[in-house]
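S.K.: The structure follows.
The values are calculated or read from the model by the stated rules, or taken from the named source; none is laboratory data. For clarity, every value in this text was computed on a predicted model and none was experimentally measured. Methodologically, a virtual Cβ is constructed for each residue, glycine included, from the backbone with ideal geometry; neighbour enumeration extends over all protein chains shown.
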Amino acid sequence: MAMPNTWKEPPPPSDDRFIYLLFTAQQKIRNHLNSALTARGVKVTTAQSGILFLLKHRDGRTMTELSTILAVDNSTLTGLADRLERAGFIRRDANPEDRRSSRLYLTPSGREECEKAKEVIRAVNRQVKEDLPEADLDIFRSILQGISRKFGRNNGPQKGSDGEGTP
């Protein structure tokens, strides 16, 4: 015996699933990238590599600075930094300007790991872009940058024209 359909509203049209499509694509790329890193013998994850890249660009950043740039909360960054420190890729030194915080520095093995990760990430980046016309890539890049600006860190719900907060 078939169960009656209790669905009152039709499912949203496929073009209304923008957030779902963004999240799904991001997760698939992250999984693919982490698999590629592992396959090439890189010992850090995509998230951990972001910390290494930022420290390579400017060593001695604080945890707060890194969490702001990476748009993650402090507890998430602490866990990532703990694993990098245990692996010997970074070291923490007390911050002479603020005893409550520490500064992170790349170790020599962290610099090597950073270079290995960068090579794999560049290859996957090329793979993502292959077969896409440059004009489409420019538009997509612009859209992603616009979304990032619109919903950047600490941009909570915005007031709508009716004065109500919108998610």
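S.K.: Residues of segment 58-75 being under 14 Å from the mean Cα position of the chain (by Cα) and in contact (Cβ under 8 Å) with a residue 40 or more places away in the chain, which ones?
M.R.: Thr68, Ala71
S.K.: Which of the numbered conditions does Pro133 fail, given that it passes all the others? Conditions: (1) within 19 Å of Arg30 (Cα to Cα); (2) surrounded by fewer than 13 Cβ atoms within 10 Å (Cβ to Cβ).
M.R.: The failed condition is (1).
S.K.: Tell me which helices (runs of 4 or more DSSP H) are completely within segment 53-167 and hold 2 or more residues being closer than 30 Å to Ser35 by Cβ and at pLDDT 95 or above, or say none if there are none.
M.R.: Per the criteria, 74-86, 108-129, 134-150.
Residue-wise test of (1) out of contact with any Cys (no Cβ under 9 Å at 6 or more places or on another chain); (2) over 22 Å from Ile29 (Cβ atoms); (3) buried (at least 18 other Cβ atoms within 10 Å of the Cβ).
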{"residue": "Arg58", "(1), (2), (3)": "yes, yes, no"}
{"residue": "Thr62", "(1), (2), (3)": "yes, yes, no"}
{"residue": "Thr68", "(1), (2), (3)": "yes, yes, no"}
{"residue": "Thr76", "(1), (2), (3)": "yes, no, no"}
{"residue": "Ile90", "(1), (2), (3)": "yes, yes, yes"}
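S.K.: So Leu80 passes all but one of these: (1) farther than 16 Å from Lys56 by Cβ; (2) without any contact (Cβ under 8 Å) to a residue 60 or more places away in the chain; (3) under 20 Å from the mean Cα position of the chain (by Cα). Which condition number does it fail?
M.R.: (1) is the only condition that Leu80 fails.
S.K.: Given the structure, is Leu55 free of Cβ contacts under 8 Å to residues at least 60 places away in the same chain and either out of contact with any Gly (no Cβ under 8 Å at 6 or more places or on another chain) or under 22 Å from Ile90 (Cα atoms) (or both)?
M.R.: yes
S.K.: Just checking, how many residues over segment 112-140 are closer than 29 Å to Thr62 by Cβ and either among the aromatic types (Phe, Trp, Tyr) or more than 20 Å from the chain's Cα centre (by Cα) (or both)? It would help to see each step written out before you state the result.
M.R.: Taking segment 112-140 and keeping what is closer than 29 Å to Thr62 by Cβ, we get 112-122, 125.
When the remaining residues are screened for being either among the aromatic types (Phe, Trp, Tyr) or more than 20 Å from the chain's Cα centre (by Cα) (or both), the result is 112.
Here the count works out to 1.
S.K.: Pull out all pairs, ordered by first then second residue, where Cβ-Cβ is under 6 Å, the residues are six or more apart or on different chains, the first lies in segment 97-123 and is surrounded by 13 or more Cβ atoms within 10 Å (Cβ to Cβ) and of a type in the set (Phe, Trp, Tyr), and the second is part of a strand (DSSP E or B) and at pLDDT 95 or above.
M.R.: Pairs found: Tyr105/Arg91.
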